[in-house]
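See structure below.
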Amino acid sequence: MQLERSDLAPDTLTVAAGRPPREHDAPVNPPIVLSTTYHETRAPEAGDRIYARGSNPTWDPFEEALGALEGADLPALVFGSGLGAAAAALSLVPTGGAVVMPRHAYAGSISLAADLAAQGRFELRTVDIADTPAVLAELDALAARFDAGQVMLWLESPTNPMLEVAELSVLTDAAHATGAVVVADNTFNTPIVHRPLESGVDVVLHSVTKWLAGHSDVVLGALITSDAALRDRLLAHRTLHGAIAGPFEVWLALRGLRTLALRMERSQGTAASLALRLADHPAVRRVRYPGLPTDPGHERAAAQFNGFGGIVSIELDDVATADALVAAVRLWLPATSLGGVESLVERRRRQPAEPVTVPEALVRLSVGIENPEDLWADLDSALRVAAGPRDGGL
Ligand SMILES: *Cc1c(COP(=O)(O)O)cnc(C)c1O
């Protein structure tokens, strides 16, 4: 008997989905299949594996589990990286069309879209995704100039690293009314916190590299949709452009996914308590965390999401203080990326591709699963060092 997976809660699905069939002596975990090709004993038919750029049995359980977790009717599609998945998603925009993106979307996504726009593939418009009237006005303006199906609305909520929260259903409904396709990058929230397909979004994107795999040891991406025609096009793009995942990485990602709910619970709990304490810290000018009641995105996040995520951004007095903080931590790791078991700290504007509207002295904290008091003690003492006298004064 097959489990009716739609009856299961997300934290159960992380453990139960994507298992081999219950047969006597069958393994409980899927194997890693290392083969570039498959026996062919008759003429190829639709759905045959044929060659490993098109299909690998190691992908299937991960894709099944992630599709189920996002509440999709179809399995996910795994890609060699989040940006590989983003390139496939952007391929849905017809040449000569337009893409609307948050100005504070992940820097790599904006760089990719800007590169494609510079080549004349489509027009790129960036918006403040938290400013609903401005986004609606942009969609209306594009609807006047483009045919239905030529426009894509790209959502990322909360944004990386500004943590702005969009009104997902309102924007998605408005985009659909103009015939636009809607993609949502759900890397920050994960399906434990929010499932964008339930807000009407057409395609969900993940950098699996981050929370889903969760151990900072694999680079992978994924797309999820319940629309069979869109999935066929995305699958064709993956096969033809070759942005495929290695079987070892996908096996590790499924292993990581098994603990996603626990890791998120821990990271979110610690992030919430750190955000509260940081808000009172004399060295911190501003805290951005949708879980803080004073945060501009708080009401929207509380209404739409089942939690507030594990990322906190703080603004310090100046670049020197921010750099001194990153240099002074002993437990937190100074590194880019996010969503792993280990806590990471980064001044984002160190990256040349980061949008210039991200404050120079903003430091992004990716909260891991270490003891919360150890994390606080390290951060607090590093903040005191960073904010203290730097010119030899005692
Ligand atoms: C890291 C990231 C990506 C890109 O994913 P890669 O796996 O690094 O290619 C896309 N979106 C967000 C929000 C990210 O944090």
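Each residue, residue 357 and residue 11, gets one label point 7 Å from its Cα in the Cβ direction; the gap between the two is 3.7 nm.
Here region 260-387 has an Rg and Dmax of 13.7, 38 Å, counting Cα atoms alone.
In whole Å, how far is the Cα centre of region 223-292 from that of region 10-53? Centre-to-centre distance over Cα atoms comes out at 25 Å. At full extension, residue 141 and residue 55 could sit 26.8 nm farther apart than now, given 0.36 nm per residue minus the alpha carbon distance. Compared with the direct C-alpha span, the chain from residue 286 to residue 177 gains 35.5 nm at full extension, assuming 0.36 nm per residue. For region 109-197, place one equal point scatterer on every Cα, skip the solvent, and apply the Debye formula. What is log10 of I(q)/I(0) at q = 0.12 Å⁻¹? Relative scattering, expressed as log10 I(q)/I(0), comes to -0.36.
Near residue 255: Cβ cut-off under 11 Å, other residues only, Lys/Arg at +1 and Asp/Glu at -1. The net charge is -1.
When only C-alpha pairs under 8 Å and at least 6 residues apart count, what is the relative contact order of region 244-362, in percent? It would help to have the intermediate numbers written out before the result.
Details: 132 pairs, mean separation 22.6, N = 119.
Rounded, it is 19 percent for region 244-362.
In the chain, what % of DSSP beta bridges are antiparallel (nearest 5)?
Numbers: 21 of 40 bridges.
Once the DSSP bridges in the chain are tallied, antiparallel ones form about 50 percent.
All distinct Cα pairs of region 1-144 go into the 1/r average, and the inverse of that average, the Kirkwood radius, is 18.9 Å. Summary value for the chain: 16 percent relative contact order, contacts being C-alpha pairs under 8 angstrom separated by 6+ residues. Counting only the Cα atoms, the chain fills a convex hull of 153 Å³ per residue. What is the percent of Cα-Cα separations in region 1-77 that go past 22 Å? Of the Cα pairs, 35 percent sit more than 22 Å apart.
Please find the FRET efficiency linking residue 240 to residue 336, where r is the Cβ-Cβ separation and R0 is fixed at 30 Å, and quote it to the nearest 0.05.
Working: r = 30 Å, r/R0 = 1.02.
For residue 240 and residue 336, the calculated efficiency is 0.50.
Stretched out straight at 0.36 nm per residue, the stretch from residue 276 to residue 232 would grow longer than its current Cα-Cα span by 11.3 nm.
All of the numbers you see were taken from the coordinates with simple rules; none came from a lab. Keep in mind that this is a model prediction, so the values were computed, not measured. No Cβ is skipped: glycine too gets one built from the backbone with ideal geometry, and neighbour counts run over all protein chains shown.
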